[in-house]
Structures are given as C-alpha cells and as structure tokens.
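Below you'll find the structure, written out as structure tokens, and then a few comments.
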Amino acid sequence: MRYRSVRGLLSKNDSLIPVTFIDKLEDILHGFLGIILFIISVLAAGYTLNRLIETRPFFPVGMIQGINDILFVIIILEIMRTVIVRFTDGIFQLDNFLIIGVIAAVRHILTVGASLTMEKEKTDEYFNRSLIEMGVNTGIVLALVFALFLSRAARKGNPSK
C-alpha cells in the first residue's frame, strides 16, 4: 500500500496543528510567564527592602545596593510588561526591549561608578578596566537611546504600526 505525501493534502495556508490551538497554548504560556515574573519581582523587592534595613553602614553601601536592587526590580517589571503587552496585543514591542537595555546599562554604569568611589585602594589596572566598562556602557546607552528615537520616529511616520 502506498502512502501519499502530507504536502499534497495541505494548501499553503493549512497547517497540521490548528492555529487556534497553538494561539491558546501560547496565550496560556505568556500568562504563566507573566505570573512568574510578577512573583519574582515581588520577591526581589522584598529582598531589596530586607537588604536596605540590614546593611550597615547605610550610607553609602546600603544606598548603592538599594539603587542597584531597585533598578533590577524595574528591569524585571519591564520584562513582565513586555510579556503582558505580547499577551494582549499579540506583538512584541521593540521600544520595551530598548528601554530594558537602557535601564540595564545605566544600572551597570552606576554599579561600576559606585565601586570605583568605594574602593579604598585601586590598582591602575582595576581603575582603567572600570573606566573602559563605563565608556562601553555609555556607548551602549547612547546607541539604545538613538535606536529608541528612530523607532518612535518611524512609528510617527507610519501610524499603522
């Protein structure tokens, strides 16, 4: 007995798996991921608060750790927002990823800058490496802000997006 190829049975728009089934599975997964990200952000915020209370001395160590941790929580919330927007609108928005990148790079700049000011004895190699890191991250921030500007300008030029 000869079997026919599946390709001959399907037209270009047909699929072996119903599209609505895949869409529903994808929606369930995005909802689940959004809930997990929310739980992670609540736990990270609790950890941040606990660390702020327990860190001694509060100034400058606790403040720097607090700012770093708060920016981390903001990054998690922005990722959650991106997942929720994907869940509701059906598309990933470039602007959200660019904003997350800017926040992450600024967070790293602040962390490196804080470690430079807090280190008692800095070697020349450590200092130079830190400056290079800050310079690279500054370039990343500028590139991402420029990409964000281009993305928004393109959307204004084409209102259907």
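A short reminder: the numbers here are calculations on the coordinates, not readings from a lab. The shown structure was predicted, so the numbers you read here are calculated from the model rather than taken from an experiment. For neighbour counting, all protein chains shown are included, and Cβ atoms are generated from backbone atoms with ideal geometry for every residue, glycine included.
Observations
- Percent RCO, i.e. relative contact order, over the chain, from Cα pairs under 8 Å lying at least 6 residues apart: 19
- What you get for the stretch 93-155, charging only the Cβ of Lys and Arg (+1) and of Asp and Glu (-1), is a dipole of about 300 debye around the Cα centre.
- Where Rh is the Kirkwood radius over Cα pairs, Rg/Rh for the chain: 1.17
- Sorted peptide list for 117-127, 92-102, 21-31, criterion being average Cβ within 10 angstrom, highest first: 92-102, 21-31, 117-127
- For the stretch 17-90, the spread of Cα coordinates along the three principal axes comes to 60, 16, 14 Å, biggest extent given first.
- Potential extension, residue 40-residue 143 segment - 0.36 nm per residue separation minus Cα distance: 34.2 nm
- Separation in nanometres of the label points that stand 7 Å from Cα toward Cβ, at residue 56 and residue 85: 4.5
- Rg/Rh for the stretch 93-155, where both radii come from Cα atoms and Rh is the Kirkwood radius: 1.14
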